[in-house]
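Visitor: Before I ask anything, here is the structure I am working with.
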Amino acid sequence: MLRRLLSDNALLVLQYAAASLVPLLLVPHFVRTLGAANFGAIAMLIAALGLASIVVQYAFTLTGPAELAQRSGDGDAQRRVLLDSLAARLLLLAIVLLGALVLIVLLPARLRLTALVLLALPVGAAVNVGWFLQATQRVHVLALLGTLAAALSLTIGFIMVRDDSTVLWAAIALAAGPLALAVGTLLWSLATLPAGGVGVSIQSARASLVRGWPLFSSQFVSALYAQIGPLVVGAISGVAAAGLYGAIERIANAIQAALGLTHTAAYPQLARLFAGSGPDRPRYRQLVHVVLGLQLAGVAALGVALLAFSAEVQQFIFGQSTSATAALLWAAYGWIALSVFGPLLTGYWTVSGQGVRVLPLTLRVLLVSLPAGALLTWAIGGAGWLLGLIAGQLLVALAALKAYRNITRP
């Protein structure tokens, strides 16, 4: 079990190491080359379309592996789960694109083409079935596709974005990689899908949407406070402030994804173990301990690195080192540190059949984060929004602690 986890984790590390180069290298490059205001406009568009991506992605990254674990695992079961999720996402994508096109018409003329390019983000979210490759133990394929996609974004970004007149190319660079990865996972999954008599069923796809509603509604509510930061900061503190916030947010998201690799790699196995004998199964508890320990070790290592090189990191990300950028950096670290508990808790509630508990918790987090974040943003700028997110994530950490006590109880 542990060897399999470490093997899958190593492959995912390769993929995410390549993917993380996009925000870690390209975003600072864009901030310095385009200017904070121009990048702020891109960040605000990405935040808006990020909500659209959450809608079309739905909750299949969590419900898909759980359903595969609960079914027999034969070819027909795999086809049913994959085709249902894909059909459901495409239905949602059609609705989202229609609404997005109407809103794009209302944008200033200089931003319309950029926004059209960034529509590739929800399109990619709709067709990305990387969770299926992972759940069917083809992490090596996912790692290869992710590396190639990241290389595409980096190549476009560094070659084509040279001055503040190349905003459109920056948007193309940020959209090209995710779209290429999504298409790659879809084509590979469909090409290798076991033959069978199961085809696309709209009725079955609608049923999958109903089953995933509790988790999706929670994820969407979560996105309302976790992903609209650039929009709020831009509205309150200006587009340039949104650019600085957007830079640290993109990097923080990449680090959160990297820290979550262990849980991502372990989740299909956790689902299988739980489906077998319930939360008291010793191997389930052991795997939870390993996942949590590795994530907390990563958080600690990041904190030590920031203590040693805080000024250098600020110069690299923002092109300056000031009290404002220091506040952004350390507030982002606090948010990153607390973010490890959310996926663990959501994953546990999903595999244990307690998915309905996710939404009430997320609503409580929203009620704390939104007013606190808006007020603190008005008072101190972008770092205030991060502090509001931290306040909300403390509720998640407390709920995760209670769940951890339940699954580790003899």
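Visitor: So which of 52, 77 ends up being without any contact (Cβ under 8 Å) to a residue 12 or more places away in the chain and either touching a Pro at 6+ places or on another chain (Cβ under 6 Å) or closer than 21 Å to residue 201 by Cβ (or both)? Walk me through it before giving the result.
Guide: Details: 52 fails: without any contact (Cβ under 8 Å) to a residue 12 or more places away in the chain.
Checking each option against the conditions leaves just 77.
Every residue, every condition in (1) of a type outside the set (Ser, Thr, Tyr); (2) touching a His at 6+ places or on another chain (Cβ under 7 Å); (3) in contact (Cβ under 8 Å) with a residue 40 or more places away in the chain; (4) farther than 30 Å from residue 156 by Cβ, yes or no:
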{"position": "176", "(1), (2), (3), (4)": "yes, no, yes, no"}
{"position": "179", "(1), (2), (3), (4)": "yes, no, yes, no"}
{"position": "184", "(1), (2), (3), (4)": "yes, no, no, no"}
{"position": "193", "(1), (2), (3), (4)": "yes, no, yes, yes"}
{"position": "203", "(1), (2), (3), (4)": "yes, no, no, yes"}
{"position": "211", "(1), (2), (3), (4)": "yes, no, yes, yes"}
{"position": "214", "(1), (2), (3), (4)": "yes, no, yes, yes"}
{"position": "226", "(1), (2), (3), (4)": "yes, no, yes, no"}
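Visitor: Shifting gears a bit: Of everything in the stretch 210-227 that's aliphatic (A, V, I, L, M) and open to solvent by 30 Å² or more (accessible area, probe 1.4 Å), which residue is farthest from residue 88 (Cα to Cα)?
Guide: 224
Visitor: Determine which member of the set 368, 356 is under 25 Å from residue 241 (Cβ atoms), in contact with a helix residue (DSSP H, G or I) (Cβ under 7 Å, 6 or more places away or on another chain) and of a type in the set (A, V, I, L, M). Please lay out each step first, then the result.
Guide: Working: 356 fails: under 25 Å from residue 241 (Cβ atoms).
One residue alone meets the criteria, 368.
Visitor: Would you list the helices (runs of 4 or more DSSP H) that sit entirely within the stretch 16-134 and hold 2 or more residues that are modelled with pLDDT of 85 or more?
Guide: Where helices (runs of 4 or more DSSP H) fall fully within the stretch 16-134 and carry at least 2 residues being modelled with pLDDT of 85 or more, they are 27-34, 36-57, 75-105, 109-118, 120-127.
Visitor: Would you pick out the residues in the stretch 100-123 that are touching a residue at least 40 places away in the same chain (Cβ under 8 Å) and open to solvent by less than 70 Å² (accessible area, probe 1.4 Å)?
Guide: The answer is 100, 111, 114, 115, 117, 118, 119, 120, 121, 122, 123.
Visitor: What pairs come up if the first residue lies in the stretch 239-250 and is open to solvent by less than 30 Å² (accessible area, probe 1.4 Å), the second is polar (S, T, N, Q) and modelled with pLDDT of 90 or more, and their beta carbons are under 8 Å apart, counting only those six or more places apart or on different chains?
Guide: Once the first residue is open to solvent by less than 30 Å² (accessible area, probe 1.4 Å) and sits in the stretch 239-250, its partners that are polar (S, T, N, Q) and modelled with pLDDT of 90 or more give 243/38.
Visitor: Which members of the stretch 332-348 meet the condition of being of a type in the set (Val, Ile, Thr) and open to solvent by less than 20 Å² (accessible area, probe 1.4 Å)?
Guide: Passing the criteria: 336, 340.
Visitor: Kindly establish whether residue 148 is part of a helix (DSSP H, G or I), open to solvent by 50 Å² or more (accessible area, probe 1.4 Å) and more than 23 Å from residue 245 (Cα to Cα).
Guide: Values: part of a helix (DSSP H, G or I): yes; open to solvent by 50 Å² or more (accessible area, probe 1.4 Å): yes; more than 23 Å from residue 245 (Cα to Cα): yes.
Considered against the rule, which asks whether it is part of a helix (DSSP H, G or I), open to solvent by 50 Å² or more (accessible area, probe 1.4 Å) and more than 23 Å from residue 245 (Cα to Cα), residue 148 comes out as yes.
Residue by residue, here is whether (1) over 30 Å from residue 211 (Cα atoms); (2) open to solvent by less than 30 Å² (accessible area, probe 1.4 Å); (3) touching a residue at least 24 places away in the same chain (Cβ under 8 Å) holds:
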{"position": "303", "(1), (2), (3)": "yes, yes, yes"}
{"position": "309", "(1), (2), (3)": "yes, no, no"}
{"position": "320", "(1), (2), (3)": "yes, no, no"}
{"position": "330", "(1), (2), (3)": "yes, no, yes"}
{"position": "350", "(1), (2), (3)": "no, yes, yes"}
{"position": "357", "(1), (2), (3)": "no, no, no"}
{"position": "371", "(1), (2), (3)": "yes, no, no"}
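Visitor: So, one more: On the given criteria, is residue 114 more than 18 Å from residue 190 (Cβ to Cβ), in contact with a helix residue (DSSP H, G or I) (Cβ under 6 Å, 6 or more places away or on another chain) and among the hydroxyl-bearing types (Ser, Thr, Tyr)?
Guide: Considered against the rule, which asks whether it is more than 18 Å from residue 190 (Cβ to Cβ), in contact with a helix residue (DSSP H, G or I) (Cβ under 6 Å, 6 or more places away or on another chain) and among the hydroxyl-bearing types (Ser, Thr, Tyr), residue 114 comes out as yes.
The values are calculated or read from the model by the stated rules, or taken from the named source; none is laboratory data. These figures come from a predicted structure and were not determined experimentally. Cβ coordinates were reconstructed from backbone atoms using ideal geometry, including for glycine residues, and neighbour counts include every protein chain displayed. For accessibility, only protein heavy atoms count, side chains too; no ligands or nucleic acids. Shrake-Rupley method; radii C 1.70, N 1.55, O 1.52, S 1.80 Å.
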